[in-house]
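The values are calculated or read from the model by the stated rules, or taken from the named source; none is laboratory data. Because the structure is a prediction, the values reported are computed rather than measured. Heads up, the Cβs are rebuilt from the backbone with ideal geometry, glycines too, and the neighbour counts pull from every protein chain shown. Areas reflect the complete protein model, heavy atoms only, side chains present, ligands, DNA and RNA absent. Shrake-Rupley method; radii C 1.70, N 1.55, O 1.52, S 1.80 Å.
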Amino acid sequence: QVQLVESGGGLVQPGGSLRLSCAASGLTFSTAAMRWYRQAPGKERELVAHISSAGVSTNYADSVKGRFIISRDNAKNMVYLQMNSLKPEDTAVYYCNARSIWAVDYWGKGTLVTVSS
């Protein structure tokens, strides 16, 4: 059974930083593309960042480019999202997503990030 467990969310002031983590189990992690999505209240879920299975390729939403960094550790089955220069509009539930080589999507339950003074 595939499990994705996010952690690291919380309350942070504008301009601050947070690091989200996602622990994966039950899948061949090193072959899965990993993504972070977010969903703000009243809005649709949006793709924030993507990292290829080997970690060679990354892509970001325009709204987070230059502020967020996605990374992974295939030895630990972990993916991370370093979030810097946070803004109130970054407030959302952040979800970890894994896409297997068979294009099957798996989701975590999410972690809440609140950016507020």
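Figures for the structure shown
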read-out	value
Criterion (among the hydroxyl-bearing types (Ser, Thr, Tyr) and either under 16 Å from Val93 (Cα atoms) or open to solvent by 40 Å² or more (accessible area, probe 1.4 Å) (or both)) met by exactly one of Ser52, Ser30	Ser30
Count of residues meeting criterion [in a strand (DSSP E or B), open to solvent by less than 40 Å² (accessible area, probe 1.4 Å) and within 19 Å of Ser116 (Cα to Cα)] in the stretch 1-24	4
Inter-residue pairs, beta-carbon under 9 Å, first assigned to a strand (DSSP E or B) and in the stretch 100-115, second surrounded by 11 or more Cβ atoms within 10 Å (Cβ to Cβ) and of a type in the set (Phe, Trp, Tyr), 6+ apart	Trp107/Tyr37; Trp107/Tyr95; Thr111/Tyr94; Thr111/Tyr95; Leu112/Tyr94; Val113/Tyr94
Glu44 vs. criteria closer than 11 Å to Tyr80 by Cα and out of contact with any helix residue (DSSP H, G or I) (no Cβ under 7 Å at 6 or more places or on another chain)	no
Search result, residues across the stretch 58-82 that are more than 17 Å from Ala23 (Cα to Cα), open to solvent by less than 80 Å² (accessible area, probe 1.4 Å) and part of a strand (DSSP E or B)	Thr58, Tyr60, Phe68
Considering residues of the stretch 83-103 that are open to solvent by 60 Å² or more (accessible area, probe 1.4 Å), at pLDDT 95 or above and not basic (Lys, Arg) only, the residue nearest to Leu47 (Cα to Cα)	Glu89
Ile51 vs. criteria within 12 Å of the chain's Cα centre (by Cα) and closer than 22 Å to Gly15 by Cβ	no
Residue list for the stretch 1-48, filter: under 17 Å from Asp73 (Cβ atoms), hydrophobic (A, V, I, L, M, F, W, C) and at pLDDT 95 or above	Leu4, Val5, Leu20, Cys22, Ala23, Ala24, Phe29, Ala32, Ala33, Met34, Trp36
Yes/no for Gly42 being in contact (Cβ under 8 Å) with a residue 40 or more places away in the chain and part of a loop (DSSP other than H, G, I, E, B)	no
